[in-house]
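What follows is one structure encoded as structure tokens, with my remarks underneath.
The values are calculated or read from the model by the stated rules, or taken from the named source; none is laboratory data. Keep in mind it's a predicted model, so treat the numbers as computed, not measured. We place every Cβ from the backbone using ideal geometry, glycine too, and count neighbours over all the protein chains shown.
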Amino acid sequence: MEEATILIIGAGPSGLALGALLARMNLKVVILEKDIEICEDPRGIVINGDAVRISYQIGIGEGLTTRIGKDIGVLHFHSGNFRQRTFMNYDLTIDWAEQGVSNNIAQFQPNFEREIRSAIKDLPCCDLRTGCEVISRDEGKDTTVVEYITQHGNKKSIKTSWLVGADGKRGVVRKKFLEPEGIKQIDRLWTYVGTWVAANLKITTPTPKTHPDFPLWQLGYTPEQVHDIFWPSGFHFCNNPKRPAVSGRFGPAGAQFWRHEFSIEPNDNLDNIEDNFWKQFGTWMIVPGSKFSRKLGDTTIEFPRDCIDLIRCRPFQFASKVVNRWYCRKTMLIGDAAHVFPPFGGQGIATGIRDAQALSWRLAIMSNLQVSRETRERILTGWSQERLHAWDAATLSTKLNGSIVNQRSLIKGLFYRFFMRILWSVPGFAHFRTKAAFRDKLIYNTQSCPGGFFLESAGGGRKVAQIWVRRPGPGHKPTLSDKVFLRNLSHLSILVLVRKPEDIDPAGIEEVLQVSKLSEQVLTMQDITYLYLNSTQQPLYENDEHIYYPCKVDELTVEGITPIRGYHETALQNRLHKSTKYILLRPDFFIHSVTPDLGGLLANLKKVREYFD
């Protein structure tokens with residue numbers, strides 16, 4: 001019988017992300033996907049926070065802002081529709097999360113999946129099989145046999161050590177295999193159920209040739225200016241007490257896709273959704289002529305209807321739910337199979353990608369160490385506690401967005417908008433509020449994650465910032481630090497902050513590793529990186545391939561690299577106590593522990609060994 005180390009059911013974003021990450025760790029992975037072709041209907045359109053950073057780790061980062069999408073720009077909050085004056089704006093083009101790359105991408109999901117599939121083709125350890133419908137699971141003590149039917153109608157079986165359900169909220173893994181075990185999606189923190197229409201539009205920009213009678217040509221407007229007037233940049237949250245809506249651009253630059261979502265109200269006629277859409281959205285495409293010229297004062301300008309292609313328009317019922325248990329023995333759930341979100345938070349795809357990354361390195365370590373049942377339970381319990389903590393944070397963020405967009409009280413809405421306009425007019429407040437809202441706030445703690453893999457008492461539980469780094473000496477190019485510090489995605493890593501030459505002590509670290517008796521499947525000397533922080537002195541040991549220094553903005557500019565706004569080369573060290581020297585890193589950017597000396601490093605490594613023993 002055919003065998004695989006990990007079998008993934010479902011080739012959506014989370015399943016593909018997990019498969020690509022595991023294959024980069026040289027684990028044999030098979031992905032079974034029921035559909036033959038990629039679904040060309042864009043569903044989720046946002047990748048945010050560290051899900052962008054993870055995309056680079058997967059191997060598709062360079063395509064994020066070219067072939068997949070573009071930076072989302074500014075979040076605008078309006079009363080009524082996006083023609084109305086904003087009362088609140090969040091500029092997301094700044095590196096609030098200190099991750100060195102875009103913090104929010106408005107993406108075209110089919111292209112996102114295509115990019116990962118293309119990357120997987122170059123990874124010999126991962127086999128994606130489409131047109132395969134899973135029909136049964138036979139779970140043994142250490143392995144599971146899954147039976148499936150191929151697109152040609154042949155029945156096949158595959159034996160796996162680990163089974164992962166990434167097949168969506170109605171997928172077979174949870175609905176058929178795990179619900180009989182008592183695993184189901186439940187309400188938590190916030191009970192929300194609502195029906196929204198999600199419409200995808202493809203815009204064609206009119207020109208003087210295609211629409212010679214369009215009034216704005218007489219005033220000297222260009223086609224590009226017309227497009228930007230009627231389809232404003234950024235993303236727009238529209239608080240209308242009668243019908244909340246969310247609207248904005250998505251997809252790669254030049255693709256001219258637009259997403260419009262609006263709530264379904266009790267008296268709506270769902271027999272003809274498209275008519276309902278145009279009644280609601282058509283008025284948004286009409287602008288008084290007086291906004292352009294006094295000559296057009298008594299007229300209205302409407303964007304040509306024949307330039308708007310409604311490629312999808314249908315209602316969806318949304319909820320806020322999460323599984324009551326993320327795994328059962330050696331079967332796990334990620335993505336929509338584990339949780340669902342309302343549409344106005346942009347958290348669905350990103351949270352699934354985070355699930356995948358957090359699970360990937362744990363699966364690698366468990367497989368390579370061949371851990372006991374007790375250790376497996378400890379590791380997966382810690383994973384599920386951390387994921388639930390992260391889901392709670394994403395849900396609260398979504399709830400906050402929803403409370404603004406879905407405000408139905410006219411009086412409360414007026415008061416809130418008035419108050420926000422005053423605050424946003426105060427110099428510096430918008431910067432302060434945006435930083436507070438979008439900085440990297442996810443920090444694990446032992447209260448919510450008692451089994452998590454971090455030492456809170458030793459400074460663990462939060463992510464390390466990402467910066468640009470470079471090896472000393474001629475011929476070396478700047479590199480994003482994740483690629484350098486986390487070279488082996490199946491191992492932990494040690495980052496040494498070097499302030500003086502004697503801080504570079506490989507012999508001391510090697511002795512600590514030997515005394516700790518930590519398996520080489522978890523950490524080796526090849527996983528050590530030295531970051532030289534003294535910007536006034538050229539780093540020593542130019543021939544050591546594991547010594548780097550932070551790159552300043554000017555240095556990046558000379559190399560033709562335009563860093564994200566707000567980038568600062570000290571972001572990494574700014575998050576840490578000034579005495580920190582040794583940082584023990586997990587492959588998912590989180591810090592396990594920090595310490596100022598080798599004695600503390602040894603103690604922390606012994607805790608790691610105990611965790612995996």
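Among Val226, Val197, which is buried (at least 17 other Cβ atoms within 10 Å of the Cβ), outside the structural domain of Phe415 (by TED's automatic domain parsing), outside any helix (DSSP H, G or I) and not acidic (Asp, Glu)?
None of the others qualify; the one that does is Val197.
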How many residues of the stretch 440-473 are more than 16 Å from Asp588 (Cα to Cα), surrounded by fewer than 19 Cβ atoms within 10 Å (Cβ to Cβ) and either among the aromatic types (Phe, Trp, Tyr) or out of contact with any His (no Cβ under 9 Å at 6 or more places or on another chain) (or both)? The answer is 8
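Residues are listed down the side, and each one gets a yes or a no for (1) modelled with pLDDT of 95 or more; (2) within 18 Å of Lys483 (Cα to Cα); (3) in contact with a strand residue (DSSP E or B) (Cβ under 7 Å, 6 or more places away or on another chain):
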position: Gly12; (1), (2), (3): yes, no, no
position: Gly15; (1), (2), (3): yes, no, yes
position: Ala23; (1), (2), (3): yes, yes, yes
position: Lys28; (1), (2), (3): yes, no, yes
position: Leu32; (1), (2), (3): yes, no, yes
position: Arg53; (1), (2), (3): yes, yes, no
position: Val74; (1), (2), (3): yes, no, yes
position: Leu92; (1), (2), (3): yes, no, yes
position: Ala106; (1), (2), (3): yes, no, yes
Picking from Gly282, Gly248, Gly234, Gly254, the residue that is surrounded by fewer than 17 Cβ atoms within 10 Å (Cβ to Cβ), within 31 Å of the chain's Cα centre (by Cα) and over 20 Å from Gly194 (Cα atoms) would be Gly254
Counted residues in the stretch 238-271 being assigned to a loop (DSSP other than H, G, I, E, B) and more than 25 Å from Ser409 (Cβ to Cβ) come to 9
Going through the stretch 334-346 in order, the residues found to be out of contact with any Lys or Arg (no Cβ under 6 Å at 6 or more places or on another chain) and modelled with pLDDT of 90 or more are Ile334, Gly335, Ala338, His339, Phe341
Considering the stretch 454-481, residues that are in a loop (DSSP other than H, G, I, E, B) and within 21 Å of the chain's Cα centre (by Cα), and then whichever is farthest from Thr557 (Cα to Cα), we arrive at Gly461
Exactly one of Val496, Val469, Val515, Val484 is modelled with pLDDT of 95 or more, in contact with a Lys or Arg (Cβ under 7 Å, 6 or more places away or on another chain) and of a type in the set (A, V, I, L, M, F, W, C), and that one is Val496
Scanning the stretch 412-468 residue by residue, those closer than 30 Å to His78 by Cβ and in contact with a Pro (Cβ under 7 Å, 6 or more places away or on another chain) turn out to be Gly413
Within the stretch 134-182, the count of residues that are part of a loop (DSSP other than H, G, I, E, B), out of contact with any Asp or Glu (no Cβ under 7 Å at 6 or more places or on another chain) and either surrounded by fewer than 21 Cβ atoms within 10 Å (Cβ to Cβ) or not assigned by TED's automatic domain parsing to the domain that holds Leu16 (or both) comes to 11
Subset of the stretch 84-130, residues assigned to a loop (DSSP other than H, G, I, E, B) and either acidic (Asp, Glu) or over 27 Å from Arg43 (Cβ atoms) (or both), comes to Gln84, Arg85, Asp95, Glu98, Gly100, Asp122, Pro124, Cys125
Condition set more than 19 Å from Trp326 (Cβ to Cβ) and free of Cβ contacts under 8 Å to residues at least 60 places away in the same chain, scope the stretch 379-415, selection farthest from the chain's Cα centre (by Cα): answer is Ile411
Scanning the stretch 272-282 for residues that are in contact (Cβ under 8 Å) with a residue 24 or more places away in the chain and either among the polar types (S, T, N, Q) or assigned to a strand (DSSP E or B) (or both) gives Asn276, Gln280
Quick count over the stretch 72-83, residues being farther than 19 Å from Phe415 by Cα, assigned to a loop (DSSP other than H, G, I, E, B) and not small (Gly, Ala, Ser), is 3
Open item on the list: Looking for something assigned by TED's automatic domain parsing to the domain that holds Gly346, surrounded by fewer than 16 Cβ atoms within 10 Å (Cβ to Cβ) and β-branched (Val, Ile, Thr) - is there at least one such residue anywhere in the stretch 112-133?
Closed with: no
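When you go through Gly44, Gly49 one by one, which is the residue that is in contact with a helix residue (DSSP H, G or I) (Cβ under 8 Å, 6 or more places away or on another chain) and farther than 30 Å from Gly428 by Cβ?
Gly44 is the lone residue from the list that is in contact with a helix residue (DSSP H, G or I) (Cβ under 8 Å, 6 or more places away or on another chain) and farther than 30 Å from Gly428 by Cβ.
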With criteria (1) touching a helix residue (DSSP H, G or I) at 6+ places or on another chain (Cβ under 8 Å); (2) surrounded by 14 or more Cβ atoms within 10 Å (Cβ to Cβ), Glu510 comes up short on (2)
Inside the stretch 38-71, the number of residues satisfying the requirement of being under 13 Å from the mean Cα position of the chain (by Cα) and within 30 Å of Arg408 (Cα to Cα) is 6
Residue within the stretch 306-317 that is in contact with a Gly (Cβ under 7 Å, 6 or more places away or on another chain), outside the structural domain of Arg354 (by TED's automatic domain parsing) and in a helix (DSSP H, G or I) present:
no
Conditions (1) more than 30 Å from Cys551 (Cβ to Cβ); (2) in the same structural domain as His431 (by TED's automatic domain parsing); (3) touching a helix residue (DSSP H, G or I) at 6+ places or on another chain (Cβ under 8 Å) -> Phe82 fails only (2)
